[in-house]
Amino acid sequence: MVNLDLSNVNCVLDLNKYSEYIKKFEEWCKKEKESPKGMIGWLNYCSRLDTAELDRIETVAKDIRSKFDTLVVVGIGGSYIGARSMIEAVKGLYSKEPIELIYLGNTLSAKYTKQILSYLEKKKFAVLVISKSGKTLETTIAFRLLKQLLKNKLGEHFVNAVYIVTDEHNGNLLDEAKYCGYETFYIPSDIGGRYSVITPVGLLPMAVAGVNIREFVQGAINAEKILSSSDLTKNQSYQYAVMRNILHKDGKAIELFVTYEPQVRRMCEWLKQLFGESEGKNKKGIFPASAVFSTDLHSLGQFIQDGNQCLFETVLNTTERDDEFVVPKEGKDFEELNHMAGKPVSEINQIIFKSVLKAHASQGKVPNIVFNIDKLDEYHLGYLIYFFMKACAFSAFIQGVYPFDQPGVEVYKENAHALLKNEE
């Protein structure tokens, strides 16, 4: 299971006050669902997901694996980070089985782009383009360069190596997909990018990578049921949203998402986008940051312990044991480690977690919200993804901002297009 531990925040939940917010939030969700422009479709997407859609996703994923040795996932923000975070959390950081996944369209760095395209020259690769609007600059430029490379390799048959996930009704990418005949999946119009990992946006690349998407969906479905309670004493998703807002009012302007597993780092990146874009409006919001411990204890640890008390930590603690590797005993104890001999590395990692929790929360007075996660598998991750999406929407609602748009992001895009047109 996934269990929320609030015993290290040194705050008390004001249940009566925030219970009123829950009633208003759930009424607002109903109105949002009925609105033609509502963006609340993710709330029950998995429980109403057609089995035939999952069948098709798995069939296409199997076909991609049988024909290609590499899949290039082209997208930025919510169009790729959710899927990548789930794939790395389940499969690890260096897995190339059953297929290698490469990511492009998430930067305009010429050096990075050159490295990827040069590497792909000798690969038998397919391209999966994910964009709801079909107009995102980073994604469209990468796609055009990849098409050029595919055409040089395959000629007119390049269309058989292109797969699309885009809006179901309109957009440039949808128009091109219809014109060229690309295999296409759709993002529901009532689900925004950072809430879309439970749709084909996340499910298709996950399935290609060999992730069990049915278990992932089942985890999200169970989260829907468990987290449907309007009772704040029972609904941990609401509790988390309330606690982070209490801490914010207490002067904590930064939420540091922490993991002790490097393969969960991308999930912290997804959380940064989820909360940053959902809450950061009208000069409001909690600034999301992230760290991997124990690595970043040797850079950020001093500041967290003794520096400006502007932050609280939200720790994703994986309690699953892996006893494969133990500290060996040596005759000459040069490193002074023989007192640890025979202990699994996973056990030492948990000891570090507990010691850091004591240092930061008890001695440093830095509030720590802890998620204890039994296992890094598809089911638990599906549950956790839904948990955070619902908590984020409620947290933004408490702050009085609309959770599902990102007007600030559009500003740089408009400026970029204007500057590029002026240089023509």
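The values are calculated or read from the model by the stated rules, or taken from the named source; none is laboratory data. What you see is a predicted model, and the numbers here were worked out from it, not measured in a lab. So basically every Cβ, Gly included, is an ideal-geometry build from the backbone, and we count neighbours across all protein chains shown.
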*Pull up region 292-332, narrow it to residues that are in contact with a Ser or Thr (Cβ under 9 Å, 6 or more places away or on another chain) and either at pLDDT below 95 or among the polar types (S, T, N, Q) (or both), then point me to the one that is nearest to Leu247 (Cα to Cα).*
Asn317
*With the condition kept exactly as written, say whether any residue in region 264-283 is in contact (Cβ under 8 Å) with a residue 40 or more places away in the chain, part of a loop (DSSP other than H, G, I, E, B) and either buried (at least 20 other Cβ atoms within 10 Å of the Cβ) or touching a Ser or Thr at 6+ places or on another chain (Cβ under 7 Å) (or both).*
no
*asked:* Return the pair list, or none, for Cβ contacts closer than 7 Å from residues in region 297-313 that are closer than 14 Å to Val356 by Cβ to residues that are assigned to a helix (DSSP H, G or I) and among the small types (Gly, Ala, Ser), at least 6 apart or on different chains.
replied: Gln305/Ala359
*What about Gln218, is it out of contact with any strand residue (DSSP E or B) (no Cβ under 7 Å at 6 or more places or on another chain), among the polar types (S, T, N, Q) and surrounded by fewer than 22 Cβ atoms within 10 Å (Cβ to Cβ)?*
yes
*Pick from Gly92, Gly105, Gly75, Gly82: which is in the same structural domain as Glu183 (by TED's automatic domain parsing), at pLDDT 95 or above, loosely packed, with under 14 Cβ neighbours inside 10 Å and under 20 Å from the mean Cα position of the chain (by Cα)?*
Gly92
*asked:* Suppose we filter Leu145, Leu154, Leu117, Leu108 for residues that are over 19 Å from Leu204 (Cβ atoms), in a loop (DSSP other than H, G, I, E, B) and not β-branched (Val, Ile, Thr); which single one remains?
replied: Leu108
_Pull out all pairs, ordered by first then second residue, where Cβ-Cβ is under 8 Å, the residues are six or more apart or on different chains, the first lies in region 138-161 and is over 19 Å from Leu173 (Cα atoms), and the second is of a type in the set (S, T, N, Q)._
Leu154/Asn160
*asked:* Can you pull out every residue in region 9-25 that is farther than 24 Å from Val366 by Cα and either out of contact with any Ser or Thr (no Cβ under 8 Å at 6 or more places or on another chain) or surrounded by 13 or more Cβ atoms within 10 Å (Cβ to Cβ) (or both)?
replied: Asn16, Lys17, Ser19, Glu20, Tyr21, Ile22, Lys24, Phe25
*asked:* Can you go through Phe257, Phe325, Phe312, Phe303 and tell me which one is crowded, with 20+ Cβ neighbours inside 10 Å, assigned by TED's automatic domain parsing to the domain that holds Ala359 and out of contact with any Asp or Glu (no Cβ under 7 Å at 6 or more places or on another chain)?
replied: Phe257
*Exclusive hit being part of a strand (DSSP E or B) and either out of contact with any Gly (no Cβ under 8 Å at 6 or more places or on another chain) or under 24 Å from Arg265 (Cβ atoms) (or both), set Asn308, Asn372*: Asn372
